[in-house]
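The values are calculated or read from the model by the stated rules, or taken from the named source; none is laboratory data. Small disclaimer: the values here were computed from a predicted structure and weren't measured. Here the Cβ positions follow ideal geometry from the backbone for every residue, glycine too, while neighbour counts run over all protein chains shown.
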Amino acid sequence: MDSPDLRSRERRRGHERDAPAQPGQAPRRFRDHRGHSPRAGECPSGDFGPDGGLDEILEHPAAELIKSIPSVWDETRALPFSEIGEVAAFARRHGKRSFVVIANGPTARSVEVSLAFLGDGAHNAILIRDQTDEPAAVRVEHATVRAQDSLRIDLRAAGGFVARI
């Protein structure tokens, strides 16, 4: 707990304010965190990546796919093998582009993802899988898929998968 001296110093600097109180209630005190959010160079780790740079993130093999993820979706489907606390799997669509996202839980597993949600014809896909031998590494694959295809995905514990189709 903060000492009274620290609280009074912060109050003098304007870092706390009173919220309006309802009649018969004591005012509530809120901290004002403006100006206290760390900037990229001030993060506790001192960097974004193992080598310490934003360039490393932008040059990551999955950067192209990550930059293409939309913020709004036209359709989201939970895939049938999703299980609360074990594995979350979704197919999401924005316009004509679909994404498959899987976040695995504590147990390694293999799953089969039907691509029946895709429209007719061939679709170019980018598949990003975990490397099985190195937890922080991914493998990027390019493939052509159709609605009648399915993807077999081996997931390591706490691993994941993402595809843009």
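Numerical summary
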{"read-out": "Qualifying positions in the range 118-165 - out of contact with any Ser or Thr (no Cβ under 7 Å at 6 or more places or on another chain), in a loop (DSSP other than H, G, I, E, B) and among the hydrophobic types (A, V, I, L, M, F, W, C)", "value": "ALA136, ALA137, ALA147, ALA158"}
{"read-out": "Residue check, ILE84 closer than 12 Å to ARG164 by Cα, out of contact with any strand residue (DSSP E or B) (no Cβ under 7 Å at 6 or more places or on another chain), surrounded by fewer than 18 Cβ atoms within 10 Å (Cβ to Cβ) and β-branched (Val, Ile, Thr)", "value": "no"}
{"read-out": "Selection count, the range 88-106, where residues are surrounded by fewer than 19 Cβ atoms within 10 Å (Cβ to Cβ) and either under 11 Å from ILE165 (Cβ atoms) or free of Cβ contacts under 8 Å to residues at least 60 places away in the same chain (or both)", "value": "11"}
{"read-out": "Candidate set from the range 107-165 (those that are of a type in the set (Lys, Arg) and within 21 Å of GLY95 (Cα to Cα)); member that is surrounded by the fewest Cβ atoms within 10 Å (Cβ to Cβ)", "value": "ARG146"}
{"read-out": "Test: residue in the range 56-78 that is more than 25 Å from PRO135 (Cα to Cα), loosely packed, with under 11 Cβ neighbours inside 10 Å and modelled with pLDDT under 85", "value": "no"}
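Per-residue answers, yes or no, for (1) among the hydrophobic types (A, V, I, L, M, F, W, C); (2) in contact with a Ser or Thr (Cβ under 6 Å, 6 or more places away or on another chain); (3) in a helix (DSSP H, G or I):
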{"site": "ASP55", "(1), (2), (3)": "no, no, yes"}
{"site": "ILE66", "(1), (2), (3)": "yes, no, yes"}
{"site": "SER71", "(1), (2), (3)": "no, no, no"}
{"site": "ALA89", "(1), (2), (3)": "yes, yes, no"}
{"site": "ARG92", "(1), (2), (3)": "no, yes, no"}
{"site": "SER98", "(1), (2), (3)": "no, no, no"}
{"site": "VAL101", "(1), (2), (3)": "yes, no, no"}
{"site": "SER110", "(1), (2), (3)": "no, no, no"}
